[in-house]
Amino acid sequence: MDIVHPFTKTILSTSENFILVLDETGKILNKNNAWNNSKHASEYTLLMTENSSFTDLLESTHNYEQLDSIQQVLRGEIDEFRKEFTCLIEKNDYHYLFHTYKLKLSSDRIGAIIIYSVYKKHVIANSETTSILESMTDAFFSLDKHWNITYINEYGKTLLSKVHPSFNYSNSESPSLIDTEFYPFLQQVMLENKTQQQEIYIPSIPTWFEVKAYPRAEGGLSVFFHHIAERKSIEKDLRSFAYYDFLTNLPNRRMTYDILQHKIKNDEPFSFFYIELNGFKLVNDMYGHARGDAILVDIATFFNQTIKIDKVVARVGGDEFVIFTDEVNNEQLSIIANKLIQDFQQISESISVPSIPLSLSIGISRYPEDAPDTDLLFRYANIAMYASKKRNRNNFSFFERTMIEELERKVNIENELHGDLKETTIHFVVQPQFNSKTNEVIGIEVLTRWIHPEYGYITPPEFIEIADNSGRIEELTKYLISEVFSKVSRWIQDYGFDKPIAINITPKLLGNRKFFNDLIHFIQYYRIPPQMVDIEITENANLDTDQNILDNIAFCRKHGIRLSLDDFGTGYSKLADLVDFQIDKLKIDKYFVDKIGKETNAELILHTFMNLAKGLKCDVLAEGVETKEQVDYLNSLGLTYFQGYYFSKPISLDEFELNYLQKKL
Ligand code: C2E
Ligand code: CA
Ligand code: CA
């Protein structure tokens, strides 16, 4: 895909300097015409086709200094690097300035611009070279050690007469460099007696000059100079691409900020749509970035074409876009948002890949109604976007104050999870699992409960998600394990209890080896037979791609820990994964159980699950069973393991002990 902005290309093609645009890996995204037209075209430049690696080329030609500097730029360690180099072409020394600096390709991609400005052959002035000096396109003059100009070529006269009126050679006075902007630099070169180069700005013209001065053996200087207005303006223009997203050509986050800031300064009301593309990350992960990039370009076009009112569309993140418009009427904004969502639904299938649906979540904030500044408007639209996402995909929400309260609740919950868990009201319950034929308990699942002093009952999915995202799920699960195992170890001694204890493990925790090492320590410490530990994992874990997860599952199997697949039928699992992992138990999700007697389709699926389990030689358990009808139907399919309110709600550990262990005695 061509990610170089058309405007950049125009600049590239008209510059006489040799310019390259590299991507983050050092690959050439673009080179300008100068390379093709060069008299100096060598094997080297012929190797430089677009898409070839320039850094590899530098390495193979031992240009390590240039290579290092480019790599430092690409790693973000330096912003730019420039240095003069010499190369030998047809027995002549050529001097050139190598200049590389950082270029933002998109919000999360850094590339590099490389500019080679080639000077003419390096000539030390003496009488024999006069003709050469006159034919040069560089301006040139030489100075003796008393600052007298001993020679100046025609072009030098022309340029210097622009720099300072005293160089107007029509009057007879001897011109003096002392009054010019060149003087401090030349004085420094004289003093240090070392070849140097500098860009010097002459405000009266106004123009930039590149000036190079060589100290002469007999004292004095040889000075070459030319104006570089053109290159300066190229650099400035290239930098302005920091304002555009290279991929979609849309304004980027920085430009968005600037425009909004401007509107706010002028007190112009506007509305701000923050849009996230759901499903995009999955496309990127599964089909690669090239496919993802193509989709983003299509979506940029879609946004621009769909809304006909005055608006600006920008891309502010990987899969995040914003649209802002002067429209502030809520009804009109709802119409716009609805149209976006509906039109997108129609085209989403044609731009996405098969089986991964894309959808939009939109949050809207308004100036000045919701917030007085850009940062807050961004944040609030973002908060509203998350609210849409939570409701369901393909949705939009206006920002509301209550959303901040929800956010505060989230932050408070997170803070409490980060404190001492023993000081919270978090506790644990168990839900027994039954064999319907014998009415025996075949295992228990541990579930976490949190009845909060301020918020009341917080659902497990809410606080588990917060714990998971804030890195506290490991502590929370270990707290559960130590609390439950200490009870269970007594049950083993007192009642000979030997049934599996199921513990829910989030996909993130499943990739955490330290947790599993600790789990083994708990098992040893509380003397729990490993086969009594049943790890419940969901299909949403990246079972086939995340090596840590694969390793941890193998680690559990090696230690004899049991493995159950939770919420079966609702995730993405591939049959191959199930075979590879030798799952002990499939837990059919409540979703399918609920459809018994209502949808024949679901019943057909349940049939398939049973056959699948038979093939995998694993147990099957139905979750969330609430009625006799469900039990009877599942029995008729040969399913006898159950967990659900019909048999028992989740109960406290003491209640379990009382009802199922003591009474058995
Ligand atoms: P899950 O693992 O699928 O757990 C089963 C959920 O279904 C539990 O909800 C349980 O109370 C509920 N349930 C069981 N039988 C019935 C029934 O017949 N009818 C209905 N309506 N519901 C039934 P709970 O405790 O609210 O937990 C919800 C989810 O939160 C769990 O789903 C699990 O994914 C997660 N969760 C709960 N505790 C933990 C934990 O300690 N760690 C982790 N990682 N996740 C947990
Ligand atoms: Ca579970
Ligand atoms: Ca479940």
Rounded to the nearest 10 degrees, the helix 253-265 long axis (Cα) sits at an angle to the longest Cα principal axis of the chain of 80
re the stretch 545-665: pairs of Cα atoms spaced beyond 16 Å account for a percent value of 66
Rounded to the nearest 10, the angle in degrees between the Cα long axis of helix 289-306 and the longest principal axis of the Cα atoms of the chain comes to 80
So the angle from the long Cα axis of helix 64-74 to the longest Cα principal axis of the chain, reported in degrees to the nearest 10, equals 50
Per the helix-only model, the chain has a calculated mean residue ellipticity at 222 nm (DSSP H runs of ≥4, -39500 (n - 2.57) each, divided over all residues, rounded to the nearest 500) of -12500 deg cm²/dmol
Expressed as a whole-number percentage, the relative contact order of the stretch 312-427 with C-alpha contacts under 8 angstrom and at least six residues apart is 18
Ordering TRP147, TRP491 by the accessible surface of their heavy atoms, 1.4 Å probe, largest first, yields TRP147, TRP491
Percent of all Cα-Cα pairs per 10 Å bin for the stretch 243-317, counting from 0 up to the last occupied bin, reads 17, 45, 29, 8, 1
If unit charges are put on Cβ atoms (+1 for Lys and Arg, -1 for Asp and Glu) and the dipole of the chain is taken about its Cα centre, the option from VAL313, ILE351, TYR633 lying farthest towards the positive end turns out to be TYR633
Over all pairs of different Cα atoms in the stretch 484-527, the reciprocal of the mean inverse distance gives a Kirkwood radius in Å of 11.7
Most packed first (mean Cβ within 10 Å per residue), the peptides 103-115, 360-372 order as 360-372, 103-115
To the nearest 20 debye, the chain has a Cα-centred charge dipole, built from +1 on Lys and Arg Cβ and -1 on Asp and Glu Cβ, of 720
For 207-217, 17-27, 304-314, ranked highest to lowest by mean beta-carbon neighbours within 10 Å, the order is 17-27, 207-217, 304-314
Ordering SER350, SER69 by the accessible surface of their heavy atoms, 1.4 Å probe, largest first, yields SER350, SER69
Sorted by accessible surface (1.4 Å probe, heavy atoms of the protein chains only), largest first, LYS478, LYS145 come out as LYS145, LYS478
Once normalised by the length of the chain, the mean sequence separation of its alpha carbon contacts under 8 Å that are 6 or more apart gives a contact order in percent of 7
SER482 neighbourhood, Cβ < 11 Å, K/R = +1, D/E = -1, net charge 0
Pairs over 21 Å Cα to Cα, from LYS389/LYS478; LYS595/LYS628; LYS281/LYS514, come to LYS389/LYS478; LYS281/LYS514
Of the candidates ILE537, GLY560, ILE605, the farthest towards the positive dipole end of the stretch 477-614 (Lys/Arg Cβ +1, Asp/Glu Cβ -1, centred on the Cα centre) is GLY560
Residues meeting the amide H criterion for ILE651 (H placed from the backbone, H to H distance under 5 Å, 5 or more places apart or on another chain) are VAL430, GLN431
Stokes-Einstein, Kirkwood over Cα pairs, the chain, 20 °C, 1.002 mPa s; D in µm²/s equals 68
Against the 2.2 N^0.38 Å rule of thumb, the C-alpha Rg of the stretch 294-451 sits at a ratio of 1.47
Ordering 334-344, 637-647 by per-residue average of other C-beta atoms within 10 angstrom, highest first, gives 637-647, 334-344
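The values are calculated or read from the model by the stated rules, or taken from the named source; none is laboratory data. On a predicted model such as this, the values are computed, not experimentally measured, just so you know. In this analysis, Cβ positions are derived from the backbone assuming ideal geometry, glycine residues included, and neighbour counts consider all displayed protein chains. Please note that ligands, DNA and RNA were not included when accessible areas were found on the heavy atoms of the full protein model with its side chains. Shrake-Rupley method; radii C 1.70, N 1.55, O 1.52, S 1.80 Å.
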